[in-house]
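Trainee: The following block contains the structure, expressed as structure tokens.
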Amino acid sequence: MTRQKRSRHGLKRAVAPYLYLSPSLLIIGLLMLLPMVTVISYSFQNSAVLRLDSSFAGLKHYQAIFADPVFWASLWHTLYFTCMSVVFHMTIGMIFALMLNSDRINPTLRNILRVLYILPWLFTAVIIAVIWRLLLEPNGVVNSILMQLGLIGSKIEWFSSPETALHAVTFANIWAGYPLFMVSLLAGLQGIPKDFYEAADIDGAKAYQKLIFITIPQLMPIIISISLLDFIWTMQVFPLIWITTGGGPIYSTEVLSTYTYKLAFSSYNLSQASASAVVILLISLGLTLLYIRYQKAR
Amino acid sequence: MRKRHTTKDRLITVALHVALVAGLLFATFPIYWMLSSSFKSNTEIFALPPTILPKAFTLEAYAAILGDPVKLRFFFNSYFVAFTVTILTDLIALLAAYGFSRFNFRGKGSLNTLIISTQTIPPITLLIPFFGLVVSYRIFDTYVALIVTYLVFTLPYAILLMTGYLNTLPRDLDEAVAVDGGTSWTALWRVIVPISLPGIVATSVYTFLLCWNEFLFALTLTKSTSMRTVPIGIQLLMGQHAFEWNQMMAMSVLGSLPLLLIYLIAQRFFLAGMTAGSVK
């Protein structure tokens, strides 16, 4: 190879990765980073999107949102919905993973159950919403079973009474989301070296001691990273709530995403909606930074 | 070592199996109820006491869905958008993943972090600027609007998934091509692509699912009934025919079919796609 040829080859090698990455970077830059800048600038304008000559509004829209009790209610509902979901996803996922991992069950049964336990995860949020609306109809099957068991005296309107609506949507979301934890924890359980348990057996450890001192510490990295991801994704919930309750009754299930959507596309206050969208973005970014730092530290 | 035959031991095994059955009921009863309701008449769905198996088995709900061109169009739209986005995502993500996996360059680490962090950007935040863009480029209520906006959400994860896969392939393979005087482009198509099929399948499965499930953008960026996708179709059905529950369930079953089939046929790829981002 002549020197000239080699340097041309070297140049090619230096430029090549950027060329391979360019379509992706173009799309992410134009359709993700630029819109993020746009939505921030909308939030500081009067009548954004709707008028071309929109004027600077300062912090007006942020003040309007922070003065709105519905915004604070939405924030609280989002937190309740998300925390309950993550905690129960983790608990149910852990219990199911431990049960499936037990050597007391026959391997064929284990495989069949594993496939069936994952099923709720396969359904689209809209379909989950429709299924739970049918189940929790006042004349539906859940009420009729609970009444037959004598647990409730009269039919409960799960999604349409303000006392139960938020719990009902949270429950539906818990049902739909635990398999992510289950699958990840099951993979984690299979990665714990068997000699840890054998050593504990020799020391005469009880089952619960092995769980607390071996299993849970070994699974901790998975628990933390899945919890963070689940938290970020659950916080962004929209279709499930939109289809089951639409945020009602009387704002009792309003969450940040439905609040923002209504501001934008029901009252066409796109500036104020942008301010609310920026608040959601900031919360997400904060949690994402936490997630990335945690992943890097590992 | 194991004392299998003590009474206590047997009791634990029995208790475990009882718990497994309870778990199974929790996980599958809602799905079973959707399925069985789709084969019932509307009056039987709310019969007292509830009928576990359809007493009068009927396909009328399926006939109503499949015989209605408006509803078939929802399915066509969903398949069309999902397949198009999947092909585009595979292609673009493969190129990026090849760049990440086979080259060292300035800014690689920060670009990788950027791509990881874009995965968690809330869709509702991008919705408002997308709405502005889509209206000003006059692509409101078109396939293009959906395809372009879906791409933004499928791409980051697809890149990570594909990079992970390419990293498992030995470098000697494409270095052999370089020794023979071939460019990295030839190495990509002659050597890497043919052996990357499992990675491409996992990425495709994941991308397809994401598109098939998408609701928020389809709701906002399309308007006419002929442009709506399955999730929006189900919502429309709910509003229009005040509670034709059997049809709603039949449409939900049909709408879940592609996901269920992919899961049952390609479980390995499915789980790889769904958990790769979170476990790594």
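The values are calculated or read from the model by the stated rules, or taken from the named source; none is laboratory data. The structure presented is a predicted model; accordingly, all values stated were derived computationally and were not measured. Using ideal geometry, Cβ is built from the backbone for each residue, glycine included, and neighbour counts are taken over all protein chains shown. Note: accessible area is taken over every heavy atom of the protein model, side chains too, but ligands, DNA and RNA are not part of it. Shrake-Rupley method; radii C 1.70, N 1.55, O 1.52, S 1.80 Å.
Trainee: Among residues belonging to region A:219-236 that are touching a Leu at 6+ places or on another chain (Cβ under 7 Å) and at the interface with another protein chain (Cβ under 8 Å from one of its Cβ atoms), point out the one that is most open to solvent (accessible area, probe 1.4 Å).
Mentor: Going residue by residue through region A:219-236, those that are touching a Leu at 6+ places or on another chain (Cβ under 7 Å) are A:219, A:222, A:226, A:228, A:230-232.
Retained after the next criterion (residues that are at the interface with another protein chain (Cβ under 8 Å from one of its Cβ atoms)): A:222, A:226, A:232.
Working: A:I222: 27, A:I226: 0, A:I232: 1 Å².
If we take residues in region A:219-236 being touching a Leu at 6+ places or on another chain (Cβ under 7 Å) and at the interface with another protein chain (Cβ under 8 Å from one of its Cβ atoms), then A:I222 is most open to solvent (accessible area, probe 1.4 Å).
Trainee: Those residues that are farther than 15 Å from B:P129 by Cβ and aromatic (F, W, Y), I need them from region A:265-295; list them, please.
Mentor: A:Y268, A:Y291, A:Y294
Trainee: How about region B:22-110: which helices (runs of 4 or more DSSP H) wholly inside it have at least 3 residues that are open to solvent by 10 Å² or more (accessible area, probe 1.4 Å) and over 25 Å from A:V130 (Cβ atoms)? Walk me through how you get there before you give the answer.
Mentor: Numbers: elements: B:42-45, B:60-66, B:69-102.
So the answer is B:69-102.
Trainee: Restricting attention to region B:227-245, and to residues there that are more than 10 Å from every other protein chain (Cβ to nearest Cβ) and either over 29 Å from B:T203 (Cα atoms) or modelled with pLDDT under 90 (or both), which single residue is nearest to the chain's Cα centre (by Cα)?
Mentor: Ranking the qualifying residues of region B:227-245, first place goes to B:L236.
Trainee: Contact list please: Cβ distance under 7 Å, first residue in region B:137-151 and closer than 13 Å to B:Y79 by Cα, second residue open to solvent by less than 10 Å² (accessible area, probe 1.4 Å), pairs at least six apart or on different chains.
Mentor: Listed pairs, sorted by first residue: B:Y143/B:V81; B:L146/B:V81; B:L146/B:F217; B:L146/B:A218; B:L146/B:L221; B:L146/B:T222; B:I147/B:V81; B:I147/B:V85.
Trainee: Give region B:140-149 a look and list any residue that's buried (at least 22 other Cβ atoms within 10 Å of the Cβ) and farther than 23 Å from A:I40 by Cβ, or say none.
Mentor: Listed by number, the list holds a single entry, B:L146.
Trainee: Residue check: is B:L127 under 25 Å from A:V278 (Cβ atoms), open to solvent by less than 20 Å² (accessible area, probe 1.4 Å), in contact (Cβ under 8 Å) with a residue 60 or more places away in the chain and within 9 Å of chain A (Cβ to nearest Cβ)? Working first, answer last.
Mentor: Values: under 25 Å from A:V278 (Cβ atoms): yes; open to solvent by less than 20 Å² (accessible area, probe 1.4 Å): yes; in contact (Cβ under 8 Å) with a residue 60 or more places away in the chain: yes; within 9 Å of chain A (Cβ to nearest Cβ): yes.
It is true that B:L127 is under 25 Å from A:V278 (Cβ atoms), open to solvent by less than 20 Å² (accessible area, probe 1.4 Å), in contact (Cβ under 8 Å) with a residue 60 or more places away in the chain and within 9 Å of chain A (Cβ to nearest Cβ).
Trainee: Could I ask something else about it? Would you say B:Y137 is more than 14 Å from A:M32 (Cβ to Cβ) and either open to solvent by 10 Å² or more (accessible area, probe 1.4 Å) or more than 11 Å from chain A (Cβ to nearest Cβ) (or both)? Please lay out each step first, then the result.
Mentor: Values: more than 14 Å from A:M32 (Cβ to Cβ): yes; either open to solvent by 10 Å² or more (accessible area, probe 1.4 Å) or more than 11 Å from chain A (Cβ to nearest Cβ) (or both): yes.
Against the criterion (more than 14 Å from A:M32 (Cβ to Cβ) and either open to solvent by 10 Å² or more (accessible area, probe 1.4 Å) or more than 11 Å from chain A (Cβ to nearest Cβ) (or both)), B:Y137 qualifies.
Trainee: Same structure, new question: Which of (1) without any contact (Cβ under 8 Å) to a residue 24 or more places away in the chain; (2) open to solvent by less than 70 Å² (accessible area, probe 1.4 Å); (3) within 30 Å of A:L211 (Cα to Cα); (4) not in a loop (DSSP other than H, G, I, E, B) does A:V87 not meet, given it meets every other one?
Mentor: Only one criterion is unmet by A:V87, namely (2).
Trainee: Farther than 30 Å from A:S257 by Cα and either charged (D, E, K, R) or modelled with pLDDT of 90 or more (or both) - does that describe any residue in region B:206-216? Before the answer, list the steps.
Mentor: Step one: of region B:206-216, the residues farther than 30 Å from A:S257 by Cα are none.
The answer is no; no qualifying residue exists.
Trainee: Between residues in region B:227-247 that are under 15 Å from A:I131 (Cα atoms) and buried (at least 20 other Cβ atoms within 10 Å of the Cβ) and residues that are of a type in the set (D, E) and at pLDDT 90 or above, which pairs lie under 7 Å by C-beta distance while being six or more apart or on different chains?
Mentor: Qualifying pairs under 7 Å: none.
Trainee: Looking only at region B:207-219, decide whether some residue is surrounded by 21 or more Cβ atoms within 10 Å (Cβ to Cβ), away from every other protein chain (no Cβ under 13 Å) and part of a helix (DSSP H, G or I).
Mentor: yes
Trainee: Taking region B:111-120 only, how many residues are surrounded by 19 or more Cβ atoms within 10 Å (Cβ to Cβ) and without any contact (Cβ under 8 Å) to a residue 12 or more places away in the chain?
Mentor: 2
Trainee: In the list A:F171, A:F159, A:F196, which residue meets the criterion of being of a type in the set (A, V, I, L, M, F, W, C) and either part of a loop (DSSP other than H, G, I, E, B) or open to solvent by less than 50 Å² (accessible area, probe 1.4 Å) (or both)?
Mentor: Details: A:F171 fails: either part of a loop (DSSP other than H, G, I, E, B) or open to solvent by less than 50 Å² (accessible area, probe 1.4 Å) (or both); A:F196 fails: either part of a loop (DSSP other than H, G, I, E, B) or open to solvent by less than 50 Å² (accessible area, probe 1.4 Å) (or both).
From the options A:F171, A:F159, A:F196, the qualifying one is A:F159.
Trainee: Any chance you could count how many residues in region A:101-145 are part of a helix (DSSP H, G or I), farther than 28 Å from B:I265 by Cβ and open to solvent by 40 Å² or more (accessible area, probe 1.4 Å)?
Mentor: Here the count works out to 2.
Trainee: Any residue in region B:236-256 that is closer than 20 Å to A:L240 by Cβ and among the polar types (S, T, N, Q)?
Mentor: yes
Trainee: Identify, from the list A:I105, A:I112, A:I92, the residue that is facing chain B (nearest Cβ under 10 Å) and modelled with pLDDT of 95 or more. Quick ask: steps written out before the conclusion?
Mentor: On the way: A:I105 fails: modelled with pLDDT of 95 or more; A:I112 fails: modelled with pLDDT of 95 or more.
Going through A:I105, A:I112, A:I92 in turn, just one is facing chain B (nearest Cβ under 10 Å) and modelled with pLDDT of 95 or more: A:I92.
For (1) within 26 Å of the chain's Cα centre (by Cα); (2) modelled with pLDDT of 90 or more; (3) more than 17 Å from B:V152 (Cα to Cα), each residue gets a yes or a no:
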site	(1), (2), (3)
A:V15	no, no, yes
A:L19	no, yes, yes
A:S22	no, yes, no
A:L26	no, yes, no
A:G29	yes, yes, no
A:L33	yes, yes, no
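Trainee: Here is a list: B:A47, B:A96. Which entry is touching a Leu at 6+ places or on another chain (Cβ under 9 Å) and either within 11 Å of chain A (Cβ to nearest Cβ) or of a type in the set (K, R) (or both)?
Mentor: Values: B:A47 fails: touching a Leu at 6+ places or on another chain (Cβ under 9 Å).
After ruling out the rest, the residue left standing is B:A96.
Trainee: Can you tell me which residue among A:S154, A:S184, A:S144 is more than 10 Å from every other protein chain (Cβ to nearest Cβ) and of a type in the set (S, T, N, Q)? Please lay out each step first, then the result.
Mentor: On the way: A:S184 fails: more than 10 Å from every other protein chain (Cβ to nearest Cβ); A:S144 fails: more than 10 Å from every other protein chain (Cβ to nearest Cβ).
It is A:S154.
Trainee: For A:L135, all conditions in the list (1) under 21 Å from the mean Cα position of the chain (by Cα); (2) under 23 Å from B:S38 (Cα atoms); (3) at pLDDT 90 or above hold save one; what is the number of the exception?
Mentor: (1)
Trainee: Looking at B:L151, B:L161, can you tell me which residue is facing chain A (nearest Cβ under 7 Å) and part of a helix (DSSP H, G or I)?
Mentor: Working: B:L161 fails: facing chain A (nearest Cβ under 7 Å).
After applying the criteria, what remains is B:L151.
Trainee: Having 3 or more residues that are more than 7 Å from every other protein chain (Cβ to nearest Cβ), among the hydroxyl-bearing types (S, T, Y) and touching a residue at least 12 places away in the same chain (Cβ under 8 Å) is the bar; report the helices (runs of 4 or more DSSP H) wholly within region A:237-298 that clear it. Give the steps one after another, and end with the answer.
Mentor: Values: elements: A:239-244, A:256-265, A:270-297.
By residue number, A:270-297.
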